[in-house]
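Structure, as structure tokens:
A short reminder: the numbers here are calculations on the coordinates, not readings from a lab. Predicted, not measured: the structure shown is a model, and the values here were computed from it. Cβ: placed from backbone, ideal geometry, glycine included. Neighbour counts: every protein chain shown.
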Amino acid sequence: MTDSRGHGKSGLGTDHLTYVQMMEDYNALLEQLGVNVVRTAQSGAEAIKSLAQFPYKKMLFELGNSIRYANNEYSGVDGDNGFSMWEIGLNAKLPVSWNIQNRPNDLNLFAVYSGFMNELELTSALDDTVTISRLYKVGVALNAASNFSILGIKFRGGGLTFTYGDGFAGIGLTTGFPF
């Protein structure tokens, strides 16, 4: 069990606590524990993504999460100053006997929850606007052990997702578990 700076038995240090500092602290902890972590910074935005894998018999379970913090302000038409969200997902990866271009494959069944720290507005082709604060995604994908090429485009696999939440629903194509 961990606690953030200034909470529990951890000291605050010399700076005041920020979300970016909390992400950096957890990034360092996860790297020390050997968890796969990716962190990026771009135009003042911070992001961290992690993936932990747990083998069970012939299956592999993957638990992924990410946080993207740009600017915690309204993200609507009149004030698009940032995009901040967090996600958590679970993937069950099962080896299958099907081959794509002579490569072994895994069947991936996954679910992902996305929460937006600020409201996100989507406008359809019919000019209908939907305000979203959370999305749920379930998907299935077939992924090869290595990349393969179709018409000169490299793929590792593909599948379908169903996304829904806050008055929004859609079906999409995917390359697999997003973590």
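Within the shell of other residues whose beta carbon sits under 12 angstrom from the beta carbon of Pro55, the net charge comes to +2, with Lys and Arg scored +1 and Asp and Glu -1. Summing charges over all other residues whose Cβ lies under 9 Å from the Cβ of Gly64, with Lys and Arg as +1 and Asp and Glu as -1, gives -1. On the principal axes of its alpha carbon atoms, the range 47-174 extends 52, 33, 25 Å, with the longest extent given first.
Cross-link list Lys9/Lys57; Lys9/Lys58; Lys49/Lys93; Lys93/Lys154: which exceed 30 angstrom alpha carbon to alpha carbon? Over 30 Å Cα-Cα: Lys9/Lys57; Lys9/Lys58.
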